[in-house]
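Take a look at the structure below.
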């Protein structure tokens, strides 16, 4: 208990000192370009220092959640406010706008950095400091309420992993219903906070002339809200025929599995192996591939070390020792006096060499893939931490690119030749290749209606259409039914806030289309690697040990956000963003599903 309070006093003093540095930028230089560079350099120095301290505070608030103890929440809020004062200072906004009026006298790199500075200011404009402070306080409280919540089943406290275990393994519908209902209880406690956050987030960015928070988040892609929504709808339309087959197959298979007398027209939410119906991969077990059994014997630490070995085999450097000493990688002991955020994430603490993961790794197939995914983020951080990428541009080519790289390497780690290379499966074992493809589709294709559909459309309405708080749950389930073909097990009134049970609605808001975009891009990257580099079947690749694959991946990662994401795709792939490679990857599955669904009733409407 003494350590957090000592840390808080130290950080408060440092943050106060740093937050005063946002005024008094460099004096006039000889020309606009030199003035701009002096401004960028001084802004960056303070930005990096405050960023690191703010990241440390956020790390503490995610890894040590103490019920009834506010010291870490207060620390996080203080850090957030200091970060906001610098990034959103009135002088920063005015000087950045001034320099951007003279783009013709600046280098492209200077313009890109100035645009990043102005985007950062959009969420923290000190033209409305009280509003920003209220938003930060509200976000801190919401985060604490979300991750400090105690889930219970029949009066016994359970972890999110316990709930997931029931939903992925139990054939008892009564048990499944209890677990699903338990997972939604947290939404009740989060609704009022979400209502406040919507208002505060919108008003904050409106102070810098954005229409709403959704538009603000989309603008980082260099796109309008309408362009983003049309692109996500197009993804869903292109994949709808395949999703329709998967939806029909799942209804009949699950009805058989649970002994239902009739096949429902829509999928009951508690029938599915995921709390939000975003991933159905656990419906299929592929004979000859028993990763859970093999990995259980190897243990949790092996999963992380093996993921690191994979990246090293591609030509990347080993992880810094600090990754292991500073990360939070495993579930807390049952008797731990505090809680932690159980959602896997990767952190770039200082925009330099301090990289960490927050995970709760257990030795199973899900965490095997997740470790490869999260280390994809870590190696992206490491790749663009180089002298050619200024700290302000040490991010993905776009936010979706970061997820694409993580998911790409996660997918590669699950392909049969890769697994056989590690002796995790018998390479000569007979496996049903269509079943493997089906399992992948139940993860990736099924995810698109949730990400591009339900989440993106709900958050669009939440921020851009003044959605009434009395319609949150109805709108959420309207979209779940329309896009995913899923319905709740019983009527869900407005006392519930089922959308808020999804972490991202609360603390990573209005960005979930990033994940849809990432799945599209990862298939474009994978198609290129398989066909142009490895000369292998995209459905049966082995990246392991290929330095050429590593060099290709690094060539995309190392430029960070210096180069526009569309140019990155054109330069390295020779194409624009497209779902065609994803469709081609799953094309063999369509014939199988049509045969399986012959004579069955299709109930999913066209978009």
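Bear in mind these aren't lab numbers, they're just calculated from the coordinates by the rules spelled out. Since this is a predicted model, take the numbers as computed values, not measurements. Please note: Cβ atoms are built from the backbone with ideal geometry, for glycine as well, and neighbour counts cover all protein chains shown.
Simple spin-label estimate for residue 90 and residue 252 gives 6.8 nm between the two label positions (7 Å along the Cα-to-Cβ direction from each Cα).
Helix 90-100 and the longest principal axis of the Cα set of the chain meet at an angle near 80°. For the chain, relative contact order (Cα pairs under 8 Å, six or more residues apart, normalised by length) works out to 17 percent. Per residue, the convex hull around the alpha carbon atoms of the range 2-227 comes to 159 Å³. In terms of packing, defined here as the mean over residues of other Cβ atoms within 10 angstrom, the peptides 277-287, 224-234 line up highest first as 277-287, 224-234. Counted residue by residue at 0.36 nm each, then reduced by the alpha carbon distance between them, the extension gain from residue 583 to residue 503 reaches 25.9 nm.
Residues 571, 162, ranked from the fewest to the most other C-beta atoms within 10 Å, line up as 571, 162. Note on residue 230 and residue 430: their simple-model spin labels are 5.2 nm apart, each label 7 Å out from Cα toward Cβ. To test your reading of the geometry: what angle, between 0 and 90 degrees and rounded to tens, separates the Cα axis of helix 32-63 from the longest principal axis of the chain? In the chain, helix 32-63 runs at an angle near 50 degrees to the longest axis. Annotation: the antiparallel percentage among DSSP beta bridges lying fully within the chain is about 75. Between helix 399-412 and the chain, what is the angle of the helix's C-alpha long axis to the longest principal axis, kept within 0 to 90° and rounded to the nearest 10? Relative to the chain, helix 399-412 is tipped by roughly 40 degrees. For the range 367-458, rounded, prolate or oblate, judged on the Cα gyration tensor with a ≥ b ≥ c (square roots of eigenvalues), a/c < 1.5 rounded, else prolate if a/b > b/c? Oblate shape, in that a/c is at least 1.5 and b/c is the bigger or equal ratio. Once you have a ≥ b ≥ c as the square roots of the Cα gyration tensor eigenvalues for the range 297-376, tell me rounded if a/c is under 1.5, and otherwise prolate or oblate according to whether a/b is larger than b/c. Note, shape of the range 297-376 comes out oblate.
Using the rule -39500 (n - 2.57) for each DSSP H run of four or more residues, divided by the residues of the chain, the 222 nm mean residue ellipticity is -19000 deg cm²/dmol. What fraction, in whole percent, of alpha-carbon pairs in the range 36-132 exceed 19 Å separation? Distances greater than 19 Å cover 48 percent of the Cα pairs. For the range 316-386 versus the range 242-285, the spacing of their alpha-carbon centroids is 32 Å.
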